[in-house]
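This report concerns only the one structure given below.
The values are calculated or read from the model by the stated rules, or taken from the named source; none is laboratory data. These figures come from a predicted structure and were not determined experimentally. Cβ placement follows ideal geometry from the backbone for every residue including glycine, while neighbour counts extend to all protein chains displayed. For accessibility, only protein heavy atoms count, side chains too; no ligands or nucleic acids. Shrake-Rupley method; radii C 1.70, N 1.55, O 1.52, S 1.80 Å.
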Amino acid sequence: MRQPSALACAMLRGMSPHDQANLDLIALLTAHLNVQPPHAAPETPEEPSVHAPPALLDVLIVGGGFAGLSAALYTARGLRRGVLVTSGPSRNAPSPHAGGVFAHDRQSPTAILAEARDDLRPYDFPVIEAEVTALTGHGDHFTAILSDGQEVRARKVILATGVRDVLPETPAGLREQWGHGVHHCPYCYGWELRGGQIAVYLPGLSGVQRVLYHQKITRDVLVCTDRVADLTAEHRAVLSAQGVTLIEEPLVRVDGRADGGVTLSFESGLTLDRDVLYAHGGRALRAELAQALGCEVTAAGITVDAQQMTTVPGVYACGDVTTGNQIAFAVAGGAMAAMQAANAIFYDTLPAGARSPDSA
């Protein structure tokens, strides 16, 4: 039997059609709010996935000196996702200026590095101030644990970890004057002193080539040997003919002067002023991460090929931790490492049908 319409029922109850329509609308809305979807589960707050691994980046760069920043810029320019992890001051921080750096000649190394960081900002390339405490992986997947607790995963690794200068404990004051009145490289700091008075600290001197090398700056070269030098009569004759002065007694103290030079004090009480003292300390490689990954490391540095790749596939190295002490070489090595890492990722991710026989 057909049910009467709402309008007919309203007329039978003596209610106006307008009032009944309002009641019907309220009933409909109330029924809709009270009905749960047939398969809806009760809503509960979603817990964050705290154990989800971080995204796999393209390149992890360790070290924020000249080589590392160069690698970061090339990685960003190559449209690769990466991160630069760095801690501590640059090896060049004590130096007042860096010589031979194209477009930045004789500027402060600290200022040059600050400008290099500014160059990265338009690319939104992240820089993390932390130390890499552990680095594992091989091939196309590496994981780094940072001192701040972060974890970084990347397809390739570029090690630009540098070296640490190991300076002798004596003479007194040498360490304090390092980068000021005491320098190790006549290329970085020599042109400014041409024709001046220089000294070279060469304990245990047994030849003349290193001495004569410094005469490209000036003929007025003083050599401090700390003891009687192991030189032949012929060697001594050559040095004398070249106007080189030998002081074969211990150098006990190096003091800085207001003009940037040094005052040298010897065991006998003799003191001499010089425009600079060139000294050559040891180099301690920061190669622990490379060794942990199984890279070949020699006394000269991490072994790399012409593409800056180490003996471990997927791991590249550049800068002083490989070979050399020049900023220009570090910048070039960082650029090469980044470009080769990006090229390797490109070939690694090519579709199978796009691989040529020589890239397989």
Q | Estimated vicinal HN-Hα couplings, Hz - the stretch 303-313 in sequence order (Karplus 6.51, -1.76, 1.60; Gly, Pro = x) | A | 6, 9, 9, 5, 9, 6, 7, 7, 6, 9, x
(Q) Compute the distance from the alpha-carbon center of the stretch 147-216 to that of the stretch 218-289, in whole Å. (A) 15
Q) Taking the radius of gyration and the Kirkwood hydrodynamic radius from Cα positions alone, what is the Rg/Rh ratio for the stretch 123-192, to two decimal places? A) 1.18
Q: Keeping all protein chains in position, work out how much accessible area residue 288 exposes to a 1.4 Å probe, and write it in Å² to the nearest 10.
A: 120
Q) If each Cα of the stretch 188-257 is one equal point scatterer, what is log10 of I(q)/I(0) from the Debye formula at q = 0.19 Å⁻¹? A) -0.76
Q: Roll a 1.4 angstrom probe over the protein heavy atoms and tell me the percent of accessible area of the stretch 67-184 that is carbon or sulfur.
A: 50
Q: Distance from a point 7 Å along Cα→Cβ of residue 219 to each backbone N in the stretch 236-267: keep the residues under 11 Å and list them by number.
A: 241-244
Q: Output the Cα-based Rg and Dmax of the stretch 225-336 in Å, rounding Rg to one decimal and Dmax to a whole number.
A: 20.9, 58
Q: Give the ranking of 188, 224 by solvent-accessible surface, highest area first, calculated with a 1.4 Å probe.
A: 188, 224
**Q.** Nearest-20 debye value, the stretch 206-289 charge dipole, Cβ charges on Lys, Arg, Asp, Glu
**A.** 300
(Q) Let me understand the stretch 68-131 better: what is its radius of gyration from the alpha carbons, and its Dmax, in angstrom? (A) 12.5, 35
Q: Determine the order of 191, 178 by accessible area, beginning with the largest, at a probe radius of 1.4 Å.
A: 191, 178
Q | Alpha-carbon Rg with Dmax, taken over the stretch 56-204, Å | A | 18.5, 56
Q) Taking 0.36 nm per intervening residue step and subtracting the Cα-Cα distance, what contour gain separates residue 356 from residue 115 on full extension? A) 82.6 nm
(Q) Give me a comma-separated list of calculated 3J(HN,Hα) values for the stretch 104-117, in order, Karplus coefficients 6.51, -1.76, 1.60 applied at θ = phi - 60°, integers in Hz, x for any Gly or Pro. (A) 9, 4, 6, 8, 5, x, 4, 5, 5, 5, 5, 5, 4, 5
Q.
Placing one identical point scatterer on every Cα of the stretch 261-312 and ignoring solvent, what is log10 I(q)/I(0) from the Debye formula at q = 0.18 Å⁻¹?
A. -0.65
